[in-house]
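The values are calculated or read from the model by the stated rules, or taken from the named source; none is laboratory data. Computed from a predicted model, the values in this text were never measured in an experiment. Positions of Cβ are backbone-derived with ideal geometry, glycine not excepted, and every protein chain shown enters the neighbour counts. Just the protein is used for accessible areas: all its heavy atoms, side chains included, with ligands, DNA and RNA removed. Shrake-Rupley method; radii C 1.70, N 1.55, O 1.52, S 1.80 Å.
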Amino acid sequence: MSTTVIIIIAVVIFIILLSAALSVASFSYDKFMQEYNNLIEIKIAQDITILDFVHTLNYNTFNGKIALKTVERDINNYYVPKAKVIALSKRTLTSNSLASFAIVAHEMGHALQDQQGSKLKLLNFLRRIGYFFGFLFLPSILAGIILLFFGERFRFISIILFACAGLILLLAIIIKAQTISIEKDASQKGCEFLKTIMAENEVAKCKKLLNAARLTYWGDLFRLLLSWTMLTRKTNMFR
């Protein structure tokens, strides 16, 4: 096989991978919303409310230590490890849909992660470090570029500044990759919770929604990696 053929194959593979990554970066949230809107209209077969589900899990699994908080934004559901609080939107709390149960089970999965180990605490610690050093990312690059024009004396300093920027970017990538892993684990734990109240086909639909939600975190990672292309939306490095 000639060198030219190898180069052509490599370029084609690169373009295919780049296109796939750009697709995930651009359309993963739309895919999630499509799945969410489908399941928000489907009610759970069993006669149980979201609050019943939350309270049962809270007292059976967490000894009643988890508190609930209501938030306004529909999709803005999250778990706060330090306060042991699950924040749920009004729509999630009042809708007995498969989407709402999937979301609640996922957040309960985060609570179980918090109970069983320090994954969430470590992630939040890394994010705090990232927020602090993130402000130095662009200044390091710009200062490194400027110093290149001042001759050999400043070249070593430029290299150090570029290396610092590279380390900050690497930290951001590690944080986003760790976030994906944690979200996957929380969804798996959430599905185990759902199996106690749902039929197998209902759990499968919820799992599909949670997979779509996790894809948005992949999209966030790809937006960070592909920001140089100027073809994706901007992302917060340490979100």
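Answer with a single label: of (1) 7, 25, 28, 20, 11, 6, 2, 0; (2) 7, 31, 39, 20, 3, 0; (3) 7, 22, 21, 16, 14, 12, 7, 1, 0, which was calculated as P(r) over Cα pairs in 10 Å bins from 0, in percent from the structure in view?
It is the one labelled (1).
Which chymotrypsin sites (Phe, Trp or Tyr not before Pro) does region 77-156 hold that lie in a coil by DSSP with at most 12 other beta carbons within 10 Å?
Those satisfying the criteria are Phe135.
Determine Rg/Rh for region 109-231; Rg is computed over alpha-carbon atoms and Rh is the Kirkwood hydrodynamic estimate from the same atoms.
On the Cα set of region 109-231, Rg over Rh gives 1.18.
May I have the convex hull volume per residue, in Å³, for the Cα set of region 48-138?
106
By DSSP, what percent of the beta bridges with both residues in the chain are antiparallel, rounded to the nearest 5?
Looking only at bridges with both residues in the chain, the antiparallel portion is about 45 percent.
Name the longest site-free stretch of the chain, where the excluded sites are GluC sites (Glu not before Pro) in a DSSP loop with no more than 14 other beta-carbon atoms within 10 Å.
Answer - 73-239.
Do the sum for the chain: with -39,500 (n - 2.57) for every DSSP H run of n ≥ 4, divided by all residues, what is the mean residue ellipticity at 222 nm, to the nearest 500 deg cm²/dmol?
Mean residue ellipticity, 222 nm, calculated: -24000 deg cm²/dmol.
Would you mind estimating how fast region 159-239 diffuses translationally, via Stokes-Einstein at 25 °C and 0.890 mPa s with the Kirkwood radius over Cα pairs, in µm²/s?
168
Hey, any idea what % of region 1-74's accessible area is carbon plus sulfur with a 1.4 Å probe?
Roughly 62 percent, rounded to a whole number.
What are the trypsin sites (Lys or Arg not before Pro) within region 7-81 that DSSP puts in a loop, where the Cβ has at most 10 other Cβ atoms within 10 Å?
Arg73
Find how many whole Å separate the alpha carbon centroid of region 190-239 from the alpha carbon centroid of region 57-120.
Result: 17 Å between the Cα centres.
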